[in-house]
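K.L.:
One structure, as structure tokens, below. Some questions next.
The values are calculated or read from the model by the stated rules, or taken from the named source; none is laboratory data. These figures come from a predicted structure and were not determined experimentally. FYI the Cβ positions are ideal-geometry reconstructions off the backbone, even for glycines, and counts take in every protein chain you see. Quick note on the areas: whole protein, heavy atoms, side chains included, nothing else; ligands and nucleic acids left out. Shrake-Rupley method; radii C 1.70, N 1.55, O 1.52, S 1.80 Å.
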Amino acid sequence: MVILILTKIKVFNMTCIVGVKDIKGIVIAGDRAGSDGHRHCKGMEPKVFEVDGFVFGCTTSFRMIDILKHSLSIPKRTEGVSDDRYLRVDFARSVRDCLVSCGFGAGSDSWKGGVFLFSAFKRLFVMESDFQIREISYGSVGCGCDVANGYIFANLENEVCHDAEEVAGGAIYAASKHICGVSEEFDAIRIDYN
């Protein structure tokens with residue numbers, strides 16, 4: 001007897017968002033494509049933006065991007081609270097509440113958001129769809145992430161990046177040549193350590 005178990009898997013059909021750290025700072029870059037897996041549109045709105053000192057690079061949904069770009073209020077940080085506690089509790093709650101209040105997600109008890117990279121406190125993070133936050137030294141999200149991560153890894157010297165802009169642009173370009181949901185047009189924001 002063969003038992004077949006079917007599961008619903010969310011497939012991301014658009015975007016390549018890349019975050020890379022180098023000795024000078026952090027670069028977050030995002031392509032300009034939109035795709036539903038069948039159609040490909042170029043020249044969309046930037047998926048990389050800044051809100052109150054936090055830099056975001058988003059995939060998942062253009063609606064989610066609009067909500068974060070125009071409705072998210074970065075919470076005030078309580079004195080004495082560590083960066084990690086602030087991000088994983090206060091910031092994550094703020095993102096979740098913002099998305100839910102704007103109708104993104106299943107309802108007030110929803111723990112499903114979107115996926116994005118962000119920079120805060122001169123560090124680079126990824127927020128997963130369950131609002132988990134992981135710190136990374138480089139990474140990519142979206143349908144082009146496998147190609148982009150491979151490109152980044154292949155261009156590190158002893159696990160150190162010397163030119164984040166060049167590597168981020170190259171990663172998006174490589175993904176655009178192999179993944180239909182990624183365009184070679186991209187936007188980037190650099191966050192300097194100084």
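K.L.:
Kindly point out which whole DSSP H helices in the chain project their C-alpha atoms 20 angstrom or further along the helix axis while averaging a Kyte-Doolittle hydropathy of -0.5 or above.
P.N.:
Both cut-offs are met by 164-178.
K.L.:
What accessible area per residue comes out for the chain, rounded to a whole number of Å², with a 1.4 Å probe?
P.N.:
Roughly 53 Å² per residue, with all protein chains present.
K.L.:
Here's another thing I want to ask about it. Which of the trypsin sites (Lys or Arg not before Pro) found in the range 42-80 are in a DSSP loop and have at most 11 neighbouring Cβ atoms, other than their own, within 10 Å?
P.N.:
76
K.L.:
So how strong a dipole does the chain carry about its Cα centre when Lys and Arg Cβ are +1 and Asp and Glu Cβ are -1, to the nearest 20 debye?
P.N.:
Computed charge dipole of the chain: roughly 560 debye.
K.L.:
In addition: Non-local amide H neighbours of residue 51 (under 5 Å, H modeled in plane, Pro and chain starts lacking H): which ones?
P.N.:
56
K.L.:
Could you work out the relative contact order of the chain? I mean the mean sequence separation of Cα pairs under 8 Å and 6+ apart, divided by the number of residues, in percent.
P.N.:
33 percent.
K.L.:
Pairs 21/177; 21/69; 47/76; 122/177; 42/76: which exceed 27 Å Cα-Cα?
P.N.:
Over 27 Å apart, Cα to Cα: 122/177; 42/76.
K.L.:
In the chain, carbon and sulfur make up what percent of the accessible area (probe 1.4 Å)?
P.N.:
Accessible surface attributable to carbon and sulfur in the chain totals 51 percent.
K.L.:
Across 5 Å bins from 0, what is the distribution of all Cα-Cα pair distances for the chain, in whole percents?
P.N.:
1, 8, 16, 20, 19, 16, 10, 5, 2, 1, 0, 0, 0
K.L.:
While we're here: Less than 16 Å apart at the alpha-carbon level, and either on another chain or at least 8 residues along: which aspartates and glutamates does that give for residue 24?
P.N.:
List returned: 157, 159, 163, 165, 166, 192.
K.L.:
Loop-only GluC sites (Glu not before Pro) in the range 57-165, please: DSSP not H, G, I, E or B, and at most 12 other Cβ atoms within 10 Å.
P.N.:
79, 159
K.L.:
Whole-Hz Karplus ³J(HN,Hα) for the range 20-33, in order, using 6.51 cos²θ - 1.76 cosθ + 1.60 and θ = phi - 60°, x for Gly and Pro?
P.N.:
9, 9, 10, 6, 9, x, 10, 10, 10, 10, x, 6, 10, 8
K.L.:
Is the shape of the range 40-153 best called rounded, prolate or oblate, per the rule: a/c under 1.5 gives rounded, else a/b larger than b/c gives prolate, else oblate, with a ≥ b ≥ c the square roots of the Cα gyration tensor eigenvalues?
P.N.:
Oblate is the answer for the range 40-153, as a/c is 1.5 or above yet b/c matches or exceeds a/b.
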